[in-house]
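Below is one structure, written out as structure tokens; the observations come after it.
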Amino acid sequence: MTPDDLPLPPEEADDALAAEYVLGVIDLAERAAVEARAKTDGVFAARIAAWEARLEGLNEGFAEVPAPDLLPRIEARIFGQAPRRRPLFGWLAGALAAAAVAMVAVAVLLPAPPAPIVATLGAQTDPLRFEARHDGANLIVTRVAGPPAPAGQVQELWIIAPDAAPVSLGLLAEAPLTVAYPDTPTGWTLAVSLEPEGGSPTGAPTGPVLAAGTITDL
Amino acid sequence: MDDPVAEMVVRVAAQDRAAFRDLYSATAPKLLGVTLRILGTRSEAEDALQEVFTRVWLRAGRFDPEKGRGMTWLIAIARNHAIDRLRSRPPAAAGDSGDEIDAVPDSSVSAEGRLIAMGEAGRMRDCFATLEPDRADAVRGAYLDGLSYVDLAARHAVPLNTMRTWLRRSLLKLRECLDQ
């Protein structure tokens, strides 16, 4: 038995785990567990931050790469502005310029800008993710990655006010789920749970939470 | 505060969109360097970069300039997202390096060459020198290339648990040296 085989004392094991997380060597499930713990355990979160600072010298090893201008797409995601459109059939637009009726038709054909995103549900670690947007009157929740619930089960959306019990907002299908909310409920949590067909029989989540996120005021 | 990136992040936390654009111009090349190095393909790296900046906007309020440098915070977000993507890949694709990998600078230089190319701060270099060379390489490979324990064990031809024990001991030794 070499000294390497001796188990680490608990505090050292915690610090080693924080280091392994920062280094990125552990698998997805362990990463998710570390992130969940860091949210509630301040000491542990500080260990992670300390390792990030300790190893920052290694960042010199990342070369800069010329980056394309992805800002329009990023801003469209965050602020709900449509990306700059390509000129719509220049020749056609010219021909139509004289006809007011036709102009209206073109305007109608332009896609409406998406509402700004207010929450992402599902950690980066989760292959299943949802996005919540708020268009000024409605909360619109869409599955953006991952599969729907298996046959016989459904994905149910919940909203949770601070220190309150979850309230069901409805079942998520392929189409976005739209719920009237005049104001963005900032600071509230959205969560998706797996429930039997028809939704939770008890009015409270009964199945595992598949994804969750906090609504951020933009 | 002699940290222009941190100043920009603080302004972004106050919902300053102009600062967000400035931050993108100033840091996108470095952060794309991070996602490209870890993910290997340009298209996925650019996709990841969009997500990284979305998170930067959403999380800027949590950045504390008293506790760390702006660029360190940004790179942590970029690395975490890239590594999550890497670990989420189906097992078949995880070790698949034949799939249109785009050229990324500095991946297989000698250990010493890497140190110089990386321009590591003096203390960092000295502390890495206290580790056995293959263990120092494992730490760097994990940090820069996103290698997992599974990858490292295969690369160094040791059992997974041995690799984990090695690396944990190396990290704690590194901590001891860096914290002096």
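The values are calculated or read from the model by the stated rules, or taken from the named source; none is laboratory data. On a predicted model such as this, the values are computed, not experimentally measured, just so you know. Ideal geometry is used to build each Cβ from the backbone, glycine not excepted, and the neighbour counts take in all protein chains shown.
Summary table
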read-out: Residue pairs meeting the criteria (Cβ under 8 Å; at least 6 apart or on separate chains; first closer than 15 Å to B:Thr165 by Cα, in region B:130-141; second part of a loop (DSSP other than H, G, I, E, B)); value: B:Ala138/B:Leu147; B:Val139/B:Leu131
read-out: Unique match (being surrounded by fewer than 19 Cβ atoms within 10 Å (Cβ to Cβ) and in contact (Cβ under 8 Å) with a residue 12 or more places away in the chain) among A:Glu56, A:Glu35, A:Glu52, A:Glu60; value: A:Glu35
read-out: Residue match in region B:26-46 (condition: within 16 Å of B:Leu86 (Cβ to Cβ) and basic (Lys, Arg)); value: yes
read-out: Residues located in region A:147-183, provided they are touching a Ser or Thr at 6+ places or on another chain (Cβ under 9 Å) and in a loop (DSSP other than H, G, I, E, B); value: A:Ala161, A:Pro162, A:Pro166, A:Ala175, A:Pro176
read-out: Verdict on A:Glu131 being part of a strand (DSSP E or B), buried (at least 18 other Cβ atoms within 10 Å of the Cβ) and touching a Gly at 6+ places or on another chain (Cβ under 7 Å); value: no
read-out: Selected residue [outside any helix (DSSP H, G or I) and within 10 Å of chain A (Cβ to nearest Cβ)] from B:Gln15, B:Gln50; value: B:Gln15
read-out: Given (1) crowded, with 18+ Cβ neighbours inside 10 Å; (2) assigned to a strand (DSSP E or B), index of the condition A:Ser200 fails; value: (2)
read-out: In region A:7-49, the residues that are under 21 Å from B:Asp84 (Cβ atoms) and among the small types (Gly, Ala, Ser); value: A:Ala16, A:Ala18, A:Ala19, A:Gly24, A:Ala29, A:Ala32, A:Ala33, A:Ala36, A:Ala38, A:Ala45, A:Ala49
read-out: Residue satisfying all of: in region B:47-67; under 20 Å from B:Ser88 (Cα atoms) and β-branched (Val, Ile, Thr); surrounded by the most Cβ atoms within 10 Å (Cβ to Cβ) among these; value: B:Val52
read-out: Residue check, A:Leu8 within 9 Å of chain B (Cβ to nearest Cβ) and closer than 17 Å to B:Tyr143 by Cβ; value: no
read-out: Check on A:Ala211, under 19 Å from A:Gly146 (Cβ atoms), in contact with a Lys or Arg (Cβ under 7 Å, 6 or more places away or on another chain) and either loosely packed, with under 12 Cβ neighbours inside 10 Å or at pLDDT 80 or above (or both); value: yes
read-out: Given (1) polar (S, T, N, Q); (2) closer than 26 Å to A:Ala33 by Cβ; (3) within 14 Å of another protein chain (Cβ to nearest Cβ), number of the condition A:Thr189 does not satisfy; value: (3)
read-out: Residues of region B:18-47 that turn out to be closer than 18 Å to B:Arg79 by Cα, more than 8 Å from chain A (Cβ to nearest Cβ) and either out of contact with any helix residue (DSSP H, G or I) (no Cβ under 8 Å at 6 or more places or on another chain) or of a type in the set (Lys, Arg) (or both), as a count; value: 5
